[in-house]
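To start, the structure under review is shown below, and the notes come after it.
The values are calculated or read from the model by the stated rules, or taken from the named source; none is laboratory data. Worth saying up front: this structure is predicted, and the values here are computed from it rather than measured. Cβ: placed from backbone, ideal geometry, glycine included. Neighbour counts: every protein chain shown. Quick note on the areas: whole protein, heavy atoms, side chains included, nothing else; ligands and nucleic acids left out. Shrake-Rupley method; radii C 1.70, N 1.55, O 1.52, S 1.80 Å.
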Amino acid sequence: MRVAEISLPAIRHNVRRIRELTGVAVIAVVKANGYGHGSGIAAKAAIEGGAALIGVADLEEALALRDAGIEAPILCWLHGARVDWAAAIESGIELGVSDLAQLDGIAATAERLGRSATVQFKLDTGLSRNGAGPEEWAGLFARGAELVRAGTVRVRGVFSHLANAGEEHDLAQAARFDGAVALLRQTGIDPELIHLSASAATFSRPALRYNAVRVGVTVYGLSPFADRSSADLGLIPAMTLRSEVVALRSVPAGVGVSYGYNHVTQSETTLALVPMGYADGLPRALNGAGATVAIAGRHCPIVGRIGMDQCIVDLGSLARKVSIGDPVVLFGDPSTGVPPVEVWSELMRTINYEIVVGIGPRVLRIATDDTEEAAEEASDPGAVAERLEIGDPERMHEFGVRLGGILAAGDLLILTGPLGAGKTTLTRGIGEGLGVRGPVTSPTFVLARTHPSLVDGPPLVHVDAYRLADAAEADDLDLDFDGSVVVAEWGAGVIEGRESWIEVEIERPTAETVVAGGDDPDEAPVEPRVVTIRGYGPRWASGVLS
Ligand SMILES: *Cc1c(COP(=O)(O)O)cnc(C)c1O
């Protein structure tokens, strides 16, 4: 019931994007369980995207990646006083070195093992955090050069980390870094990798890219900037946080919801229970802040206090379209119509990093990849085809009623099939499901007929698009597409400019069968029909009926 779906293609794309943008080596940072995405999943996809090196904070994380089968070079830089240098050297982990004691410890261990250790000098150029300070550089580099000559140590790189305190400070740090690199070269060491920039500077300070960048949050497709989105940077968010509706409750106005009753329903509504709480990384303080989740292609607010295991969503007018088991997306790639994680981080006055890394251990990380189906989907966005066999007109009508229960204002359904296939029967069912005034008949003698709602819902507009020449003619009908459910027989003209729509194709297995339909030739299937439903666009990305 709790899934963080991690898109491998998104991570590969993001690393490729950073490589193309910078033209330098990419060190992909997968510390803290890959910023909550799963470190093994993230490392594998980053390498496939062209990362040259994997970065983590500490040795435990590095060794876990080796255990998970990651064979690429791994660098770690934050060490405890009792760190196991031997394990690092035996597993071929590169070590960031912040002081002389660490360097000597590594060298002594390497000598004892009869092996050589690979290190990178980690320098403090103004963050006042981890790293050797300027006063230590000369001594550290001189000792490094000795150990290199002795063959116990290889110095592969030198790096520092920016405080992101503004351009002036970044440039001052870079100047100190340049000085350090020059000093290192004077000792005879020529470092292969020189890196200063994390995600923010990688995108905002091209001059500070040296020959590698060390990026974390952008690998996952998230922006390190408050004023620029993932899409602005050409990145794709990799995590979609998913759950499902596990209970529905109709309540009158004036009912207190969840602990403390700090939400009281304003009108009669339906509440959906979603089994994700603060144990799973929903900030408890999101309570009442206005965050929404995506259900059935719409955004519904989280209401009432968030519990450890669950939260409550107010479905409002969407209630009729939602059933137990329906998928819920808490955040993901906003280009698919779901809320971005930044809604939460902004409401919480924190950064997107903190939200994704805080997704709890109970949430299953599931990697998704391009499959053959996904490849098909890329060339045909409606590849989510659902197929049904429908035995008789009554079933066709029932199927229409079911579709009517799914459709909402703004939805477009294109209906195709030969005369007599049952298109009018289906549309009549849709009308009943929507609760509109009948009778629904074949639109053959009108271009479009509007059936007003009898239940305060959207009207059904039934269009005979066979007779529309093009989009301009569809425009001339002056239909309220956004406020109606539109069922169009034949799609020419009506789908132009639409983001999402459904196609329903009805086929008669035996075309010869003559239809008993009275005056209406498009009536009453007497033979089974095969109905194919395809959802196009973000609204129907996970299917129409599922
Ligand atoms: C976490 C970390 C990074 C990655 O930072 P992003 O802002 O996520 O790109 C780079 N370098 C060091 C030293 C880090 O600790």
- Task: Let me know the shape class of segment 240-379, please: from the alpha-carbon gyration tensor, a ≥ b ≥ c as square roots of the eigenvalues, rounded when a/c is under 1.5, otherwise prolate if a/b is greater than b/c, or oblate.
- Result: oblate
- Message: Could you put Tyr220, Tyr353 in order of accessible surface area, largest first, with the 1.4 Å probe and the full protein assembly present?
- Response: Tyr353, Tyr220
- Protein-only accessible surface order, largest first, of Arg242, Arg284, Arg498 at 1.4 Å: Arg284, Arg242, Arg498
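What number in nm² do you get for segment 130-227 if you take the convex hull of its Cα atoms and divide its surface by four?
7.1
Considering only DSSP states other than H, G, I, E and B, which GluC sites (Glu not before Pro) in segment 27-102 qualify as loop sites with at most 13 other Cβ atoms within 10 Å? Walk me through the numbers on the way to the answer.
Details: sites: Glu48, Glu60, Glu61, Glu71, Glu90, Glu94; in loops: Glu71.
Those satisfying the criteria are Glu71.
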- With T = 4 °C, eta = 1.567 mPa s and Kirkwood Rh from C-alpha pairs, the Stokes-Einstein D of the chain in µm²/s is about 48
- Message: Quick one: 3J(HN,Hα) in Hz for segment 356-367, Karplus 6.51/-1.76/1.60 with θ = phi - 60°, rounded, Gly and Pro as x.
- Response: 5, 6, x, 5, x, x, 6, 7, 6, 8, 10, 7
- Whole-Hz ³J(HN,Hα) from phi, Karplus 6.51 cos²θ - 1.76 cosθ + 1.60, for segment 197-204, glycine and proline x: 8, 8, 4, 4, 5, 4, 8, 10
- the chain: relative contact order from alpha carbon pairs under 8 Å, six or more residues apart, as a whole percent, is 12
- Message: Could you tell me how far the Cα centroid of segment 346-365 sits from the Cα centroid of segment 46-80, in Å?
- Response: 22
- Amide H neighbours of Thr125 under 5 Å, counting only residues 5+ apart in sequence or on other chains, H built in-plane at 1.01 Å? His161
- Message: Can you compute 3J(HN,Hα) from phi for each residue in segment 17-32, using the Karplus curve 6.51 cos²θ - 1.76 cosθ + 1.60 with θ = phi - 60°, rounded to whole Hz and x for Gly and Pro?
- Response: 4, 5, 4, 5, 5, 9, x, 10, 5, 10, 9, 8, 8, 10, 4, 6
- Give me the angle, in degrees from 0 to 90, between the Cα long axis of helix 393-406 and the longest principal axis of the Cα atoms of the chain, rounded to the nearest 10. 50
- Message: I'd like the accessible area for Leu479: 1.4 Å probe, protein heavy atoms, all chains in place, Å² to the nearest 10.
- Response: 40
- Message: Can you give me the C-alpha center-to-center distance between segment 95-138 and segment 385-420, rounded to a whole angstrom?
- Response: 68
- For segment 9-235, just say rounded, prolate or oblate: build the C-alpha gyration tensor, square-root its eigenvalues into a ≥ b ≥ c, call rounded for a/c under 1.5, and beyond that prolate if a/b exceeds b/c, oblate if not. oblate
- Query: In Å², what does the accessible area per residue of the chain work out to with a 1.4 Å probe?
  - Reply: 43
- Query: Counting other Cβ atoms within 10 Å, which trypsin sites (Lys or Arg not before Pro) in segment 156-238 have at most 14 and lie in a DSSP loop?
  - Reply: Arg228
- Query: Angle between the Cα long axis of helix 423-434 and the longest principal axis of the chain, 0 to 90 degrees, nearest 10?
  - Reply: 70
- Based on the alpha-carbon gyration tensor of segment 1-100 and its eigenvalue square roots a ≥ b ≥ c, which shape applies: rounded if a/c is under 1.5, prolate if not and a/b is larger than b/c, or oblate? oblate
- Computed, not fitted: 222 nm per-residue ellipticity of the chain from DSSP H runs ≥ 4 (each -39500 (n - 2.57)), nearest 500, equal to -8500 deg cm²/dmol
- Task: Round to a whole angstrom and tell me the spacing of the C-alpha centers of segment 208-250 and segment 161-175.
- Result: 24
